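Just below is one structure, and these are the notes that go with it.
The values are calculated or read from the model by the stated rules, or taken from the named source; none is laboratory data. Quick caveat, the model's predicted, so the values are computed rather than measured. Here the Cβ positions follow ideal geometry from the backbone for every residue, glycine too, while neighbour counts run over all protein chains shown. The area values use the complete protein model at the heavy-atom level, side chains included, leaving out ligands, DNA and RNA. Shrake-Rupley method; radii C 1.70, N 1.55, O 1.52, S 1.80 Å.
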Amino acid sequence: MNLDIAESLTRWSVRLAIACYLARVLGEVGGVSIEKRMAVWQKSRRYWSAGCVFYLIHVACAFGFFHQWSHQNAYQHTAIETAAVTGVHWGGGIYLNYLFTLFWVSEVLLWWFYGIDFPYRSRCYFWTTHFVFATMVVNATVVFGPPYWLGIAGLVLILIGLRYWQRGRIVSGR
């Protein structure tokens with residue numbers, strides 16, 4: 001396959017995954033009435049699921065096009081990219097990516113299996129999910145992404161914070 005197409009598929013699939021995550025977060029930020037809460041949660045679950053599918057496409061593209069389905073190649077690439085940013089030649093971040101993939105797929109399956117209010121049954125679970133996701137996005141952006149993405153991420157966080165502050169709370173209601 002053409003390298004430009006492979007790179008575009010790999011980059012845009014992860015961008016779409018993040019866009020779906022942001023759509024979920026923006027939909028959940030702010031107080032809504034109990035009557036509207038279920039509709040928000042249904043949209044959030046669809047965005048979350050679509051984001052997971054885009055993320056899995058990203059992983060398949062990265063492994064297939066750039067690492068020839070080799071864990072060792074992915075480990076080495078991660079080590080080189082990490083060293084370029086931090087000065088430490090360490091590829092162990094690939095294991096965090098494996099855990100993150102398992103986490104997101106499991107979270108989507110649990111959400112569909114246990115019902116629409118599953119992630120909102122516990123504020124701790126809700127916030128842990130978002131902390132894990134945001135940490136992964138920031139770390140991946142620092143190592144693999146262009147620096148301006150961090151500025152965009154900061155702007156999005158400010159907008160989310162403003163919306164949260166204006167409306168008073170997050171939709172998770174228990």
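Quick look at the numbers
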quantity	calculated
Qualifying residue in the range 6-23 (condition: out of contact with any Phe, Trp or Tyr (no Cβ under 9 Å at 6 or more places or on another chain), within 23 Å of Trp104 (Cβ to Cβ) and loosely packed, with under 14 Cβ neighbours inside 10 Å)	yes
Every residue from the range 39-57 that is open to solvent by 40 Å² or more (accessible area, probe 1.4 Å), touching a helix residue (DSSP H, G or I) at 6+ places or on another chain (Cβ under 6 Å) and modelled with pLDDT of 95 or more	Tyr47, Phe54, Ile57
Failed item, numbered, when Gln68 is tested on (1) modelled with pLDDT under 90; (2) on the phi > 0 side of the Ramachandran plot; (3) open to solvent by 50 Å² or more (accessible area, probe 1.4 Å)	(1)
Options Leu99, Leu56, Leu22: the member that is without any contact (Cβ under 8 Å) to a residue 24 or more places away in the chain, within 18 Å of Val132 (Cα to Cα) and of a type in the set (A, V, I, L, M)	Leu99
Test: residue in the range 27-35 that is within 14 Å of the chain's Cα centre (by Cα) and either at negative phi or open to solvent by less than 40 Å² (accessible area, probe 1.4 Å) (or both)	no
Selection count where residues are out of contact with any helix residue (DSSP H, G or I) (no Cβ under 9 Å at 6 or more places or on another chain) and open to solvent by less than 40 Å² (accessible area, probe 1.4 Å), scope the range 71-86	1
Residues satisfying the stated conditions in the range 87-102, i.e. in a helix (DSSP H, G or I) and open to solvent by less than 80 Å² (accessible area, probe 1.4 Å)	Gly93, Ile94, Asn97, Phe100, Thr101
Which numbered condition Glu81 fails, given (1) modelled with pLDDT under 95; (2) outside any helix (DSSP H, G or I); (3) closer than 22 Å to Leu9 by Cβ	(2)
Residue in the range 126-136 that is open to solvent by 20 Å² or more (accessible area, probe 1.4 Å) and more than 17 Å from Gly51 (Cα to Cα) present	yes
Ala153 vs. criteria in contact with a Ser or Thr (Cβ under 7 Å, 6 or more places away or on another chain) and open to solvent by 30 Å² or more (accessible area, probe 1.4 Å)	yes
For Asn2: the one exception among (1) under 19 Å from the mean Cα position of the chain (by Cα); (2) over 21 Å from Leu155 (Cα atoms)	(1)
